[in-house]
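The values are calculated or read from the model by the stated rules, or taken from the named source; none is laboratory data. If you're wondering where the values come from, they're calculated on a predicted model, not measured in any experiment. Positions of Cβ are backbone-derived with ideal geometry, glycine not excepted, and every protein chain shown enters the neighbour counts. All accessible areas refer to the heavy atoms of the entire protein, side chains included, with ligands and DNA or RNA removed. Shrake-Rupley method; radii C 1.70, N 1.55, O 1.52, S 1.80 Å.
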Amino acid sequence: MLEQKHSQTKKMNIQTKKEYFNEVLRLESGRILSEFELVYETYGERASDDSNIIVICHALTGSHHAAGKYDESEPKPGWWDALIGDGKCIDTSKYFVICVDILGSPFGSTSPLSIEPNKNAQYRLRFPVLAISDVVNAQMRLFKRLGIKKVRAIIGGSLGGMQALCFAIEHPDFARNVVSMASTYATQPWAIAFNKIAMHAIKNDPEFKGGYYDEKQVAKNGLLGLEVGRIAGHISFLAPASMERKFARRYVGTDGLYELFGRYEVDRYMEYNGANFAKRFDPLCYLYTIKMMNNFDTTRHYGSLTAALSKVRSQLTLLSFSGDMLFFPSEMKAIADELKALGKEHYYEEIESDYGHDAFLVEVPKIENHIRKAIQ
């Protein structure tokens, strides 16, 4: 076990570690990883009886760094800092919180950029396609090594919500409570279509070079195909009302209205967001992660949603957002309806929001009470 960082903020204890597994992980596809590594971050102190452990599952472009800052030089804190911390909703003075960087991520866990055993070269396109079940099974290997047999709660949104639901179905005795929000039981064609824009743009970008691009150059300059993909994805994360409120029809002051490539403020924002993202996220990792999202289907090995959810023993809390244009509230309600028919203990709420899919990250006050109830 390699400890990468150990940092003490003014209050919250943050530890970042990497665990190496010299063992085979059999994947849903039938392929294997003969060895793998997982980076993970913990917050707070673990109780002697393990009664205070909460697992956080990150979304598509997230990482293990869910909260806090390592030091004051870090420009911004972890991606769910508004929710996690001492005295916050997920109170790290009471709970021991752990967030694992999923397989396929560019932030330290085994991915297409890792060295393939016995090859002395990066996997690149030889890396196997992963399923949500695979990243969850890898996390279960980590928890077993850490001596964690049962946790108080598992919480995630979007791709993290898929992981949370997978834990509930495939490892039904592991968590007392599971919170899945802004997610689905199976990725629908609408969401897959948005991801197709990214896949097509990246694959056909000449600088992608069939997956053998120069990592340093891409990190420095970005990749146009990934910029395009991020713009498409970001549109799906927002909603018309939030875009109207943020940008309206304002025009960039330095651009001419009748210049062909003159920009509205929303144009400039999309360019800025896409360019920055393409310098911090790896294009191959993005392809593998959106493929993982596309392939998610809880019914695949069970024949029906009813059969899949019949395995659940945790209390499920399901939160959807009225303005979500990626995973529509009806998809989460379908899970709730099946749980009700099965007589399973659960709670479902469609939260009023015009922010869009990213509401679970941005509008934290709207979800705090639901999460408190679930973990208490």
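For the chain, with a Gaussian network of springs between Cα atoms less than 10 Å apart, report the residue from R31, R176, R152 with the top mean-square fluctuation.
For the chain, modelled as a Gaussian network with Cα springs under 10 Å, the answer is R31.
Of all beta bridges DSSP finds with both residues in the chain, what is the antiparallel percent, to the nearest 5?
45
Which entries of K17/K119; K220/K291; K69/K203; K69/K333; K94/K279 show an alpha-carbon separation above 31 angstrom in the structure shown?
K69/K203; K69/K333; K94/K279
Provide the solvent-accessible area of Y213, counting protein heavy atoms only and rolling a 1.4 Å probe, rounded to the nearest 10 Å².
Surface open to solvent at Y213 totals about 10 Å².
Indicate the gyration tensor shape class of the chain (rounded, prolate or oblate), computed on the Cα atoms with a ≥ b ≥ c the square roots of the eigenvalues: a/c under 1.5 is rounded; otherwise a/b larger than b/c is prolate and the rest oblate.
rounded
So for K119, K149, K88, what's the accessible-area order with a 1.4 Å probe, most first?
The residues order as K149, K119, K88, largest area first.
In straight Cα distance, which lysines are under 17 Å from K311, not counting same-chain residues fewer than 8 positions off?
List returned: K150, K340, K344.
Out of all DSSP beta bridges in region 1-137, what portion is antiparallel? Express it as a percent rounded to 5.
The antiparallel fraction comes to roughly 80 percent.
In whole Hz and in residue order, list the ³J(HN,Hα) couplings for region 97-110 that follow from phi through the Karplus curve 6.51 cos²θ - 1.76 cosθ + 1.60, θ = phi - 60°; x for Gly and Pro.
So the J values, rounded to whole Hz, are 9, 10, 10, 9, 6, 6, 4, x, 6, x, 9, x, 6, 4.
Picking from A191, A248, A336, which is most flexible by a Gaussian network model of the chain using Cα springs under 10 Å?
Of A191, A248, A336, the Gaussian network model singles out A248 as fluctuating most.
Can you give me the % of accessible surface on the chain that is carbon or sulfur? Probe 1.4 Å, all protein chains present, nothing else counted.
Carbon and sulfur: 51 percent of the exposed surface of the chain.
Quick one: ranking S109, S322 by accessible area, 1.4 Å probe, largest first, what do you get?
Ranked list, largest accessible area first: S322, S109.
What fraction of the DSSP beta bridges in region 111-259 is antiparallel, stated in percent and rounded to the nearest 5?
25
Using a 1.4 angstrom probe with every protein chain in place, what is the largest-first accessible-area order of I148, I235?
I235, I148
Give the long-range amide H neighbours of H64: residues separated by 5 or more places, or on another chain, with amide H under 5 Å away, using H modelled in the peptide plane at 1.01 Å from N.
Amide H neighbours of H64: D101.
Please label the shape of region 268-370 as rounded, prolate or oblate, based on the square roots a ≥ b ≥ c of the eigenvalues of the alpha-carbon gyration tensor (a/c under 1.5 means rounded; beyond that, a/b larger than b/c means prolate, else oblate).
Oblate shape, in that a/c is at least 1.5 and b/c is the bigger or equal ratio.
Which residue, chosen from A219, I192, Y123, occupies the Cα position most advanced towards the positive end of the dipole of the chain, where the dipole is computed from +1 (Lys, Arg) and -1 (Asp, Glu) charges on Cβ about the Cα centre?
Ranked along the dipole, the leading option is Y123.
Please report the accessible area of S48 (heavy atoms, 1.4 Å probe, ligands and nucleic acids excluded) in Å², nearest 10.
130
Using unit Cβ charges (K, R positive; D, E negative) and no other charged atoms, how large, in debye to the nearest 20, is the dipole of the chain about its Cα centre?
Using Cβ point charges on Lys, Arg, Asp and Glu, the chain gives about 580 debye.
For region 307-322, what does the Karplus curve 6.51 cos²θ - 1.76 cosθ + 1.60, with θ = phi - 60°, yield as ³J(HN,Hα) per residue in whole Hz, taken in order and with x for Gly and Pro?
5, 5, 6, 5, 7, 5, 10, 6, 7, 9, 10, 10, 10, 10, 10, 4
Calculate, for region 240-322, the solvent-accessible area per residue in square angstrom, rolling a 1.4 angstrom probe over the heavy atoms of the protein chains.
Ligands and nucleic acids excluded, the figure is 51 Å² per residue.
Where a ≥ b ≥ c are the square roots of the eigenvalues of the C-alpha gyration tensor, would you call region 78-233 rounded, which needs a/c under 1.5, or, failing that, prolate if a/b is larger than b/c, or oblate?
Prolate, because a/c is 1.5 or more and a/b exceeds b/c.
Please work out how much accessible surface W79 shows to a 1.4 Å probe, ignoring ligands, DNA and RNA, in Å² rounded to 10.
70
Place +1 on the Cβ of every Lys and Arg and -1 on the Cβ of every Asp and Glu in region 247-376, take the dipole about the Cα centre, and give the residue among M332, M292, S320 whose Cα lies farthest towards its positive end.
M292
With a 1.4 Å probe and all protein chains left in place, how much accessible area per residue does region 1-111 have, in Å²?
That works out to 42 Å² per residue.
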